[in-house]
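The values are calculated or read from the model by the stated rules, or taken from the named source; none is laboratory data. Quick caveat: nothing in here was measured; it's all calculated off a predicted structure. Glycine gets a Cβ as well: all are built from the backbone with ideal geometry, and neighbour counts include every protein chain shown. For the accessible areas, the whole protein counts, side chains as well, though only heavy atoms, and no ligand, DNA or RNA atoms are used. Shrake-Rupley method; radii C 1.70, N 1.55, O 1.52, S 1.80 Å.
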Amino acid sequence: MKIFKRSLLLIGLLLVLIAGYYSYSFYNFAQNISNKSSEKPQGGTTMIAQSIKEKGEKYSPPKWEGKQRVNILLLGGDSRGMKKNEIPRSDSIMLASIDPETKKAHLFSILRDTYVKIPGEGEDRINAAIAMGGPNLAMKTVSDLLGIPVQYYVYTDFKGFIALIDAIGGIDLEVEKDMKYSDSEDDHVYDINLKKGMQHLDGKTALQYVRFRHDALSDFSRTERQRKFLTAVAQKMQTTMSLIKLPKILNAMDPYIDTNLSVADMLKLGTLGYEAKADGIISSQLPPSDLLIEKNVRGAAVITVNKEKLQIYMKDLFKGTAEADSGPTKPSPSPTSKASVKTK
C-alpha cells in the first residue's frame, strides 16, 4: 500500500513538473513573440513586421475580456519576391472563432477574391486589405463584412507553415486527387506534385496540398482543403505526443509569426484552445455558396455578397440555427476560377 501511495505521489509530482515546464515554455514563446524587434531573420514573416506595425496604427482592434466569443484572423502571406518592408496580399485568409462558454470552435475560410469595402481605401478584393493598411486594417475589413468583432491576428508565411508542420511531425491525410503544378519562377522550389491516397505530409508536401488550386473549382476547393488540413493539425496538437513536443514546436514557430496577441492573451487562448474539442470544429466557407455572386469588375472576376444577409447568416451560425457551408461540391463554370490571383 505504501509503495502504491509513493508511486501515485511520484506520478503526481511528475505531472506537476511537466505542466510547469510547458507553461514556462509557452510563456517564453509568448514573451518572445510579444516583444519582437525589427531585427528579424531573412525569409520569415519578420522581415515585414516593421511595415506591418506602421500600417496597423490607424485602426485599433476591440479588446477581448475573456468571456465573450474571441475571433482570430489567420493570415497566410506569400512574401517571395517582395521588396524590403513591402507587405504582400494575403495568400490565404481564415478566421478562427471560439466561444469560451460552450468551448465550440468555428474555422472559416474567406474567399480571397471577395470584393468588399476596405475602410479608407475604397473597394477591392479582401486580400488587398493587409497590403493597404496592415493586419489591423485586414481585421477591420473582415469585422465590417461579417458584423463581428475581430480581436486578434496571426500572420505567417510559407516558411512558417513548413516549420510548424515539421515540428509536430507531419500530418497523415487522405489526398483526394493527383495534384501537379510546376512554376519556374522560383526555380521549382514550390512545385506541387502529390499522388492521390493516404499520405504522410511533412512541411513541404503539406504546403503543396493547401496551395493547390489548379482544378475546376479553383479557390473554392483550395479553401476547403485548407480547413480540412488545419482541423487535422488542431486534432494532432491536442494529442499527448504533441504536448511532449510543445517546447520544440514553439521554438520552430517563433521566428515566423507576427501577431498582436499579448503574453496574457496567448496564455488565455492557449488554455482555451486545449479545452476546445478539435474533433468538433465547425468548418465553413465565407461567403457561403448560396449568398455569393460572381461578377466582373473592371475586367476582373470577383465575388460579391449581400453584407446584410451574410451578417444574418453569421448570427444564425453561432446560434446553431444555420448549417455551415463548406462550399461547392461539384464543378461549375466559374469566371472566378479563371481570373483569381495566380498561385505561384
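I want to check the label-to-label distance for D202 and I244. Put each point 7 Å from Cα in the C-beta direction and report it in nm to one decimal.
2.1 nm
Label points 7 Å out from Cα along the Cβ direction at K63 and K180: separation in nm?
5.7 nm
For the pair K103 and L267, how long in nm is the line joining their label points, each one 7 Å along Cα→Cβ?
The modelled label-to-label distance comes out at 2.1 nm.
Students often check this: by mean Cβ neighbours within 10 Å, which of 124-135, 158-169, 286-297 ranks highest, and how do the rest follow?
Working: 124-135: 23.4, 158-169: 20.2, 286-297: 16.2.
Per-residue mean Cβ counts within 10 Å order the peptides as 124-135, 158-169, 286-297.
Which sequence of E123, E176, E323, E308 reflects their accessible areas, 1.4 Å probe, from the largest down?
Working: E123 100, E176 70, E323 160, E308 130 Å².
Largest accessible area first, the list is E323, E308, E123, E176.
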